[in-house]
Amino acid sequence: DTIVSYLVLYFVIWACIYLLTSNLRSRKSATRLPPGPYSFPIIGNLHQVGQNPHQSYAKLSKTYGPLMSLKLGSKATVVVSSANVAREVLQKYDQMFSGRSVTGAAHTLDHHKVSMVWLPVSSQWRNLRKMCKENIFATQILDTSQGLRQEKLQELRDYLHRSSVSRKAVNVGGAAFTTSLNLISRTLFSKDFADYDSDSSQELQEIVWGVMKNVGSFNLSDYFPVLRLIDPQGIMRDAKFYVQKLFDIFDDIINERLQVRGTSETKKNDLLEALLDHSIKNEFEFGRNDLKHLLLDLFVAGADTTSTTVEWAMAELLRSPDKFAKARAELKEIIGQEEVVQESDISRLPYLQAVIKETFRLHPAAPLLVPHKANEDVEINGYIVPKNTQVLINAWASGRDPTTWSDPEIFEPERFLDRDIDARGQHFELIPFGAGRRICPGLPLAYRMVHLMLAAFIHNIDWKLEEGMKPEDLDMDEKFGLSVPKALPLEAIPVKL
Ligand code: HEM
């Protein structure tokens, strides 16, 4: 009996010592977490997130620093808010932070298992990026497909012309979105997705919106995974509905192409053709399902981001008529009144480029990029970011950091004219596309799209705001979602010069 009692006592003492030291150990590692506000049990810091999380995090980081810990429900999160720390995360420790923190909506129809956006860095992900680079985004491919885009831009110019004749107000973001959708759908499968006036295309746009809205909404299940099964806001149910509808449309397009491929000699020169070749040659496993998920990724990642950027650029220019006049004067001088801007002209339009950079600085379409995840424990500036932590890079905050930018809140494209800063992931104070291995693969296409679309909106056109509204009255509030458009759509009347 005494031996048993001694043994029990022995184990109890050891258990106590173990528990005490492990508590100390975890407290020690907790003290090495980056600083952050107190987090409440269960909700953590969710009550501090607000309607516009990027703005709330930027404010909090003024107190807790550019590497800040938060607990979002059950999700340990670190927010990066300066160019220097972003460089550490996306350049020095790029590999370690290249994971993705996958949202609930990304699980729709198992999207996360095959999606370029959501897969971890892996051979499957590398294959997808390589295939897209080789078949869409390489300079030579983009150069050969620019005729397709030029046609769509002409339609935008015609639409603006028609609206100016009928003195009809144009919803700038809406027109830009229609153009983006078509520029992408032409590049991917030589078909239009939408037009400006027709009702039938309205439905297609609504489906794409439906997907994007649900993927971008604040979803409680992302912070309390136990809720995923219940889906209290119905986001996963709605996401599935819209994704399925979009997949049906993709199926029709693929079927139609397969039929034509069997009977016609002429081969289309687009992504769909190249991908069907891939799947037929079976270079790596890539079936119809993978194709539909890839098309979904490209539409969701590419359409709204580009049109939102153009809407913000227009809103800023309409608020600063002198800058608008300067951008238009540059087009008149370099391109002329009669000619239309070509993609090869962009490099000759420094002021237009500066306007786009300034728009990226103040209004990055994905202000927190796409959530990254630490693949292992990483030490930064003496703090530990534990494995599996969600890492949000607040590009919006570093774009407005007063230690980097003078008068950061003011729209001043001129600041870029004498500074060698571009938005391609080398200058960490301006990273609307991210940087490192997960940088936006669509950047080369997006770059051409935003410059040409904005040029179409300002070349030879003057804009009138609604009756009685002054430029400085234009509302510049943001609405957080998949991308961050203006809270109130920008409407103005084009006046042809
Ligand atoms: C990823 C921004 C246009 C396709 C991203 C990321 C950002 C971004 C911030 C995440 C980077 C990171 O995680 O660090 C933008 C902006 C655009 C734009 C601001 C326009 C102005 C496009 C276009 C396409 C595209 C036109 C394709 C048609 C993608 C894809 C990813 C991505 C597939 C996921 C890449 C991965 O996770 O490996 N984009 N993007 N984007 N973008 Fe874009």
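The values are calculated or read from the model by the stated rules, or taken from the named source; none is laboratory data. For clarity, every value in this text was computed on a predicted model and none was experimentally measured. Ideal geometry is used to build each Cβ from the backbone, glycine not excepted, and the neighbour counts take in all protein chains shown. Remember, those area values only see protein heavy atoms, side chains included, never the ligands or the DNA or RNA. Shrake-Rupley method; radii C 1.70, N 1.55, O 1.52, S 1.80 Å.
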Q: Report, ordered by chain and residue number, the aspartates and glutamates lying within cross-link reach of LYS75, taken as a straight Cα distance under 15 Å and ignoring same-chain residues fewer than 8 apart.
A: ASP222
Q. Straight-line reach from LYS62: which lysines have Cα under 19 Å away, leaving out those fewer than 8 places along the same chain?
A. LYS71
Q: Could you state how much accessible area GLU333 has, in square angstrom rounded to the nearest 10, with a 1.4 Å probe and all protein chains kept in place?
A: 150
Q: Mean Kyte-Doolittle of at least 0.0 plus a Cα span of 24 Å or more along the axis: flag which DSSP H helices in the chain meet both, please.
A: 2-31, 172-189, 288-319
Q.
Under the rule a/c < 1.5 gives rounded, and otherwise a/b versus b/c splits prolate from oblate, where does the stretch 441-489 land using the Cα gyration tensor?
A. oblate
Q: Give the calculated FRET efficiency between VAL226 and TYR38 to the nearest 0.05, with a Förster radius of 35 Å applied to their Cβ-Cβ distance.
A: 0.90
Q | Packing-based order for 303-310, 270-277, 118-125, using average beta carbon neighbours within 10 Å, highest first | A | 303-310, 270-277, 118-125
(Q) Can you tell me how the stretch 145-268 classifies by the Cα gyration tensor, rounded, prolate or oblate, using a/c under 1.5 as the rounded cut? (A) oblate
Q.
As a quick test, which of the pairs LYS152/LYS213; LYS168/LYS486; LYS213/LYS486 have an alpha carbon distance above 18 angstrom in this structure?
A. LYS152/LYS213; LYS168/LYS486
**Q.** Using a Förster distance of 41 Å, the FRET efficiency for THR263-ARG162 (Cβ separation, nearest 0.05)
**A.** 0.60
Q: Compute the separation of the alpha-carbon centres of the stretch 425-444 and the stretch 78-121 and state it in Å as a whole number.
A: 13
Q. With a ≥ b ≥ c the root eigenvalues of the C-alpha gyration tensor of the stretch 85-148, is it rounded (a/c under 1.5), prolate (a/b larger than b/c) or oblate?
A. oblate
(Q) Let's test the formula: R0 of 25 Å, r as the Cβ-Cβ distance of VAL121 and THR403. What FRET efficiency results, to the nearest 0.05? (A) 0.20
**Q.** Set of lysines near LYS326 by C-alpha distance (under 22 Å), chain-local residues within fewer than 8 positions excluded
**A.** LYS357, LYS464, LYS470, LYS496
Q) If PHE224, PHE286 are ordered by their accessible area, calculated over protein heavy atoms with a 1.4 Å probe, which sequence runs from highest to lowest? A) PHE224, PHE286
Q.
Could you tell me how many cubic angstrom of Cα convex hull volume the stretch 308-351 has per residue?
A. 82
Q: Mind ranking 429-438, 242-251, 354-363 by how tightly packed they are, going by the mean number of other C-beta atoms within 10 angstrom, highest first?
A: 354-363, 429-438, 242-251
Q | Approximate spin-label separation MET476-LYS59, in nm, with each point projected 7 Å along Cα-to-Cβ | A | 1.8
Q) Amide H to amide H under 5 Å from LEU72: which residues, 5+ apart in sequence or cross-chain, H placed 1.01 Å off N in plane? A) ASN45, THR77
Q | Where N is the number of residues in the chain, Cα Rg divided by 2.2 N^0.38 Å | A | 1.08
Q.
What distance in nm separates the two pseudo spin-label positions at ALA487 and ARG437, each 7 Å out from Cα along the beta-carbon direction?
A. 4.0
**Q.** Kirkwood-type radius of the stretch 48-97, with distances r between different C-alpha atoms, in Å
**A.** 11.6
Q. Given H placed on each backbone N at 1.01 Å, which residues far from TRP463 in sequence or on other chains put an amide H within less than 5 Å of it?
A. VAL495
Q) Considering the stretch 367-429, what Rg and Dmax in Å follow from its alpha-carbon atoms? A) 15.1, 42
**Q.** Point-to-point label distance, ARG237-ILE421, nm (Cα→Cβ direction, 7 Å offset)
**A.** 4.7
Q) What ranking do 56-62, 375-381 get when scored by the average of other Cβ atoms within 10 Å per residue, highest first? A) 56-62, 375-381
